[in-house]
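First the structure, in the form of structure tokens, and then the observations on it.
Bear in mind these aren't lab numbers, they're just calculated from the coordinates by the rules spelled out. Quick caveat: nothing in here was measured; it's all calculated off a predicted structure. Counting neighbours? That spans all protein chains shown, and the Cβs are built from the backbone with ideal geometry, glycine included.
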Amino acid sequence: MKKLYLVYPKKKGSIAPEIYGHFSEHIGGVFYDGLWVGKDSKIPNVRGFRKDIIEKFKAINPPVLRWPGGCFAETYDWRDGVGEDRPTRINWWNYHDGRYEPNEVGTHEFVDFCEMVGAKPYFAANITATTPMHIRNWMDYCLSPKGSTSLALEREKNGHPEPFDIPFWGVGNENWGGGGHMRPEFYADECRRYATLMHNVSRDVELYACGSDGMKYDWTHGTVPNLDDKTTGFAMHYYCGRAGDPLTFTNEEWNAMMSQANRMEEIILRNWSIICAHGRAHNLKLIVDEWGCWHPDGSGPSKGYNLFEQQSTMRDAVVSALTLNIFNNHCDKVRMANVAQLCNNLHALFLAGGENCIVTPTYHVYDMYKGHQGAEAIETVVTNNEELTSSVSVSASVKDGKLLVTLGNLSCTEDAELSLEGVGVALGKKARMTLLTHEDMHAHNTFDAPETVSPTTADIDLAKPVILPKASVAAIEVEVE
């Protein structure tokens, strides 16, 4: 039997709520077919946004939502998305799926959606195809006080007299790739140039520099020493990729995906080491603003109509649990993280089309883990006959006298039997356990069977071993004495 030690006196710091952030790009069916149905749609909506998603998304306390990209941001002109007469443009992803961008969802609509669900907006600024002044004007339009500038008056004319609350701004996106194929030193100079004007508009917002692509640490080495103090975040991306078919994977492919997902810890530690080596640990935190599985598309309900749309199984749920546990355990380094993406795409929480709207197993993980937001992370150690074991992923936190322990069984063949032991704290004997599991690790929700994978909750006795089924996720809540 494995033992899980909860080392209460050894706290790691506060878990920023923004670690539980999300990402919504103008790609495939994320907005059109998914979040946005239009104000005149017969599908129940609130000012054009799908009512089901508003209600279900709000229920998991989303702290932040990133927009408009992604790669889409690198050709986005914010002026296309304000006012009455909006142009139709080539979408960045047009060469993949032939869709054009109608700009029905722009700055006002997106912020409205964020306000409805309780999330703070995180805007990705286009520094590939615009000027610093263009982005400064966008910030002026969004942030200047009522009646203060010509752009603030234009915002008022367009229906929002008060300034928008947009606390997070990205200085570019994937500038090592589609965002200009820049060299790291060149990007750092461009980042300083744009950030100077962006910082001049408001010193209350957080500006995030473009970080590394996965394990390509040469970008980190080249950018970090050349950034100035106006940027306080290093926005890196890591997709754990694919391992077989999204629905018919083998045991070996399950294990491969867990191994690939677990590399997130190495990526965090190595990037953080470089930041520390250059003396920036005090004011340059890690932002993982794109992460998740990236399976071959075509497995979602639209059967290939929506670019990159894919189903989400118990495997994706366990990857989510593993990744969020890693973020919790490194909350002293990670300021924000944004799973990609929200709807009808990679690693999605929602799948929607027409009158149908369902949540995926990944959604349930976010619901189970939401209690970590703003809590104090504590040390955890899992042993098996005094040997450290990695078959169970775990993180724990305490808030308001309650302990939340979240676990993922990374094995698809073996149940785990756990004994919870408090170190420096007495655990209450009674606890509440929410369990997400299914006898078939390929199980997923569909429009016809939307509750195939859903959690169950029950009281448990911590004096007895906790059974964590194979390929499952659990959240245990217990009072501490």
Nonlocal amide H pairs with Lys10, under 5 Å, H built at 1.01 Å: Glu379
log₁₀ of I(q)/I(0) at q = 0.09, 0.12, 0.13 Å⁻¹ - the chain, Debye sum with one point per alpha carbon: -0.60, -1.06, -1.24
Dimensionless Rg ratio for the range 2-63, taking C-alpha atoms and the 2.2 N^0.38 Å reference: 1.76
Among Asn103, Asn329, Ser390 the positive-end extreme of the charge dipole of the chain (Cβ point charges): Asn329
Dipole magnitude of the chain about its Cα centre (Cβ charges: Lys, Arg +1; Asp, Glu -1), debye to nearest 20: 860
On Cα atoms only, tilt of 251-277 relative to the major axis of the chain in degrees: 60
DSSP-assigned coil residues among trypsin sites (Lys or Arg not before Pro) in the range 168-204, each with at most 16 further Cβ atoms within 10 Å: Arg203
Inter-part distance where the range 29-95 and the range 130-202 are each reduced to a Cα centre, Å: 19
Exposure proxy ranking, count of Cβ atoms within 10 Å, fewest first, for Asp40, Asp289: Asp40, Asp289
Angle in degrees between helix 107-117 and the longest Cα principal axis of the chain, rounded to the nearest 10: 30
